[in-house]
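The values are calculated or read from the model by the stated rules, or taken from the named source; none is laboratory data. None of these values were measured; they are calculated from a predicted model. Methodologically, a virtual Cβ is constructed for each residue, glycine included, from the backbone with ideal geometry; neighbour enumeration extends over all protein chains shown.
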Amino acid sequence: MSEPIVVCKQLSKQYGDKKALSGISLSVPAGKIVGVLGPNGCGKSTLFRTITGLVQPDQGEIRVLGQTPGWRTNKDIAYLPDRARWYPFHTTLKAFEWGQSFLPGFDMAAARSFAEFMDIELDMRISGMSRGQEARVMLILCMARKVPLIILDEPFAGIDVISREAIISGIIDYLEEREQSILISTHDIQEVEGLFDYTIMMNKGQAIWTGDTEDLRAEYGSLHHVFRTLYKKEGIR
Ligand SMILES: Nc1ncnc2c1ncn2[C@@H]1O[C@H](COP(=O)(O)OP(=O)(O)OP(=O)(O)O)[C@@H](O)[C@H]1O
């Protein structure tokens, strides 16, 4: 098996008196779809921003794709931040052309087939799109990149449950032929249960459980049940 894609050791980040990351340690295996789960404010986005080098940790160590995060690693990462928005006056096609010009590894043919599959018209302007349609365009801009690591922060927010299921099964099929690693944060555990090979459960800036999702299910039952059991034990702030 190849090297872990992300390794954190005792990583901490504080904003004023708020601890966003509180000595988190984890090792993310390569080639998996990894769910990063946890309640609001537990540090998921801060962890992703640290992995992409946008946030410098106060303490601890982090290695991404075997290196310190920064411009060298970022060409190999497709990152969808939370609350990402696109230029309102661009059409889908214009967004994809922008992707082809500026995003390393962007595959126009893959983007077009994702758009067809997700029911997104290429000539539609972003300003005329619903929240769920815009979320799909943002998702496609990341998923269509042939890079070793894709990071999606709440990618399904705004996408209805029925479409979400279809999108998730499309993503699973697509990824079966690829050797990419994906980190996905979400609150909607029930709707995305089947997606994750590996799970990181976070609370209060720490990882309270990490491992193969199968093992987690074997230990606790469904992810929904896990969520309730683990967080009850930990106590959510
Ligand atoms: N730039 C910032 N300035 C001040 N506080 C911040 C900043 N970024 C994050 N925080 C705080 O750090 C904590 C962790 O935030 P973070 O956004 O990482 O959590 P999250 O798990 O992604 O939350 P959510 O699920 O609500 O998106 C929160 O208490 C948040 O208020």
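List of remarks:
- Residue list for the range 50-72, filter: in contact with a strand residue (DSSP E or B) (Cβ under 9 Å, 6 or more places away or on another chain) and not in a loop (DSSP other than H, G, I, E, B): T50, I51, Q59, G60, E61, I62, R63, V64
- Boolean, L47 is hydrophobic (A, V, I, L, M, F, W, C), within 14 Å of the ligand (Cβ to nearest atom) and not in a helix (DSSP H, G or I): no
- Test for L21: is it touching a strand residue (DSSP E or B) at 6+ places or on another chain (Cβ under 9 Å), within 13 Å of the ligand (Cβ to nearest atom) and aliphatic (A, V, I, L, M): yes
- The range 210-237: number of residues that are modelled with pLDDT under 75, crowded, with 17+ Cβ neighbours inside 10 Å and not in a helix (DSSP H, G or I): 0
- Comparison of V36, V55, V6 shows that the only residue that is in contact with a Ser or Thr (Cβ under 9 Å, 6 or more places away or on another chain) and more than 15 Å from the ligand (Cβ to nearest atom) is V6.
- Subset tally (residues that are part of a helix (DSSP H, G or I), touching an Asp or Glu at 6+ places or on another chain (Cβ under 7 Å) and among the hydroxyl-bearing types (S, T, Y)) for the range 73-118: 1
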